[in-house]
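The values are calculated or read from the model by the stated rules, or taken from the named source; none is laboratory data. Given the structure is predicted, the values throughout are model-derived calculations rather than measurements. So basically every Cβ, Gly included, is an ideal-geometry build from the backbone, and we count neighbours across all protein chains shown.
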Amino acid sequence: MRNIIKVILCIIFLSTVTAMGLHLYKKLRTGETVTASTDQIKLVKEVMDIVKKSYVEEVDNKKLVQGAIDGMLSKLDPHSAFMTPEPYKEMKVNMAGSFGGLGIEINIKDGKLTVISPIEDTPAWRAGLKPNDHIWKIDSTPTKDLSIQKAVSLMRGEKGTKVTIHVAREGEKKSLTFPLIRDIIKTKSMKSRTLVPGYGYIRIIQFQERTGEDFANALKNLHAENPEGIKGLVLDLRNNPGGLVDSAVLVADKFIGEGKDDGTIVSLKGRLQGAKMSYFAKVGEKEPHYPIVVLINGGSASASEILAGALQDNGRAIVMGTQSYGKGSVQSVIPLREGYGLKITTARYYTPKGRSIQAKGITPDIIVAQQDLSKKAKPGEEPMPELREKDIQGHFKGEPEKTPPAPPVPAKPEIKIKKQEKKPAEKTAPIDETASDYQLARSLEMLKGLDVFSTINKGSTLKQPAPAASGNSATK
């Protein structure tokens with residue numbers, strides 16, 4: 001039961017403790033106590049007494065209580081969990097981000113330990129682990145029937161120590177072996193650069209405390225690199241598992257509002273009064289209204305989906321890629337007595353137009369599946385489906401939408417990237433990742449097309465027909 005709990009390995013414990021979560025924690029600790037009926041409490045005590053008296057072996061009271069609580073929370077959703085002192089302590093270490101690990105997000109899919117996404121610039125990412133890889137053995141330990149907590153403990157360790165991951169991958173006949181060296185996982189918040197003159201690229205790897213400030217600096221650098229102005233921006237949220245919601249709000253605030261204070265970014269709704277709130281754009285200077293393409297995929301979750309949904313619903317960006325993960329819930333972490341902890345889902349996220357993200361995700365405006373341009377696709381070959389929230393056993397559903405959005409427009413498969421002749425590399429030549437990244441290439445094409453369309457529109461407005469000749473002019 002516990003193995004359905006989503007664990008983020010070797011990064012900040014993403015999407016668990018946000019400013020909102022801490023706020024709700026205070027409400028939970030000071031709110032009214034909800035008590036079960038006397039008959040229900042008596043039933044639990046009766047079962048415990050029978051087990052203690054009649055079970056074939058002597059049973060510890062603490063084990064029975066923990067088992068009862070585990071069973072209670074397992075009936076809720078995959079993200080709510082009771083943590084004994086050791087896992088709770090590990091979670092707090094995760095939040096500090098100062099331990100040795102591999103840098104992968106894992107979950108259980110169809111009973112198998114599965115990679116959701118490797119975190120960029122970590123040992124797992126550099127080694128080539130991919131989403132949907134089935135980890136069937138860690139060193140010499142098979143992962144069948146292995147809890148996620150146990151898998152985490154096997155992969156975690158001191159910096160510089162070795163661990164070998166054995167993976168089964170779709171399309172590969174033989175098992176793949178990845179010998180990895182553990183490292184201190186302190187991933188960068190983002191990367192940015194100019195793709196081609198006038199077109200910027202910012203990839204947010206995860207939402208950390210400094211993401212808002214880092215994003216502002218990245219925009220400043222792009223403006224400096226493009227003194228004639230930014231014509232378009234690709235905001236890459238692919239394989240971003242989320243993080244601090246406040247940081248995602250700061251990024252959205254750069255583009256939403258534009259002089260007014262009623263631009264909604266995200267809303268939260270829960271049973272507690274403190275779990276009902278909305279984030280709005282602040283009044284102030286915004287970025288120029290250049291076109292934006294947001295890239296997402298099945299590894300884009302939580303805060304990533306909040307940002308993509310906010311820009312999409314406010315008409316500020318075109319969302320491209322594939323359906324996002326669908327993690328639209330808020331977890332609050334509550335410390336308990338004797339070093340125990342409780343992680344419980346307290347609210348759902350909603351986009352500005354009231355769409356629930358939970359178990360649905362964000363649907364791109366234009367669906368563009370990633371293609372491996374280094375390999376020739378076989379006839380009829382389909383890409384492997386991505387693991388999403390709705391695929392996890394026991395997930396809770398999002399609320400139904402009143403007005404379903406129109407079906408997305410799939411990208412035409414006949415569009416191909418022209419191969420360029422190989423030329424000697426120049427130190428001053430910009431890095432062209434679009435030659436190997438199909439989705440990024442399509443995004444850049446979209447931005448260039450929008451720029452051309454905008455130029456045509458401006459030209460048709462400015463170039464009015466010349467007035468008819470008058471006075472002493474003669475027509476021949």
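A few notes on this one:
- Count of the stretch 303-347 residues, restricted to those that are touching a helix residue (DSSP H, G or I) at 6+ places or on another chain (Cβ under 8 Å) and hydroxyl-bearing (Ser, Thr, Tyr), is 6.
- Set TYR88, TYR55: member being in contact with a strand residue (DSSP E or B) (Cβ under 6 Å, 6 or more places away or on another chain) and either not assigned by TED's automatic domain parsing to the domain that holds VAL152 or not hydrophobic (A, V, I, L, M, F, W, C) (or both): TYR88
- Selection of strands (runs of 3 or more DSSP E) fully inside the stretch 33-149 by the criterion of at least 2 residues being within 21 Å of the chain's Cα centre (by Cα), surrounded by 14 or more Cβ atoms within 10 Å (Cβ to Cβ) and among the hydroxyl-bearing types (Ser, Thr, Tyr) returns 112-118.
- Residue count, the stretch 205-231 (criterion: at pLDDT below 95 and touching an Asp or Glu at 6+ places or on another chain (Cβ under 6 Å)): 1
- Of all residues in the stretch 150-193 being in a strand (DSSP E or B) and β-branched (Val, Ile, Thr), the one that is surrounded by the fewest Cβ atoms within 10 Å (Cβ to Cβ): THR177
- ASN226 vs. criteria closer than 30 Å to VAL163 by Cβ, in contact (Cβ under 8 Å) with a residue 24 or more places away in the chain and not assigned by TED's automatic domain parsing to the domain that holds ALA124: no
- Residue within the stretch 234-253 that is at pLDDT 95 or above, assigned to a loop (DSSP other than H, G, I, E, B) and buried (at least 19 other Cβ atoms within 10 Å of the Cβ) present: yes
- Among the conditions (1) surrounded by fewer than 21 Cβ atoms within 10 Å (Cβ to Cβ); (2) basic (Lys, Arg); (3) closer than 25 Å to LEU222 by Cβ, ARG271 misses just one, which is (3).
- Among the residues of the stretch 347-368, the ones that are part of a strand (DSSP E or B) and surrounded by 24 or more Cβ atoms within 10 Å (Cβ to Cβ) come to 1 in all.
- One residue stands out among those in the stretch 134-156 that are touching a Phe, Trp or Tyr at 6+ places or on another chain (Cβ under 9 Å) and of a type outside the set (S, T, N, Q): the one that is nearest to ASN240 (Cα to Cα), which is ARG156.
- Test: ILE202 is in a strand (DSSP E or B), at pLDDT 95 or above and surrounded by fewer than 22 Cβ atoms within 10 Å (Cβ to Cβ): yes
- Selected residue (only one of GLY284, GLY299 is in a loop (DSSP other than H, G, I, E, B) and either touching a strand residue (DSSP E or B) at 6+ places or on another chain (Cβ under 7 Å) or in the same structural domain as ASN107 (by TED's automatic domain parsing) (or both)): GLY299
- Of all residues in the stretch 326-345, those satisfying the criterion of being part of a loop (DSSP other than H, G, I, E, B) and either crowded, with 16+ Cβ neighbours inside 10 Å or in contact (Cβ under 8 Å) with a residue 24 or more places away in the chain (or both) are GLY326, LYS327, GLY328, TYR340.
- Any hit, the stretch 190-197, residues being within 22 Å of TYR325 (Cβ to Cβ) and touching a strand residue (DSSP E or B) at 6+ places or on another chain (Cβ under 7 Å): yes
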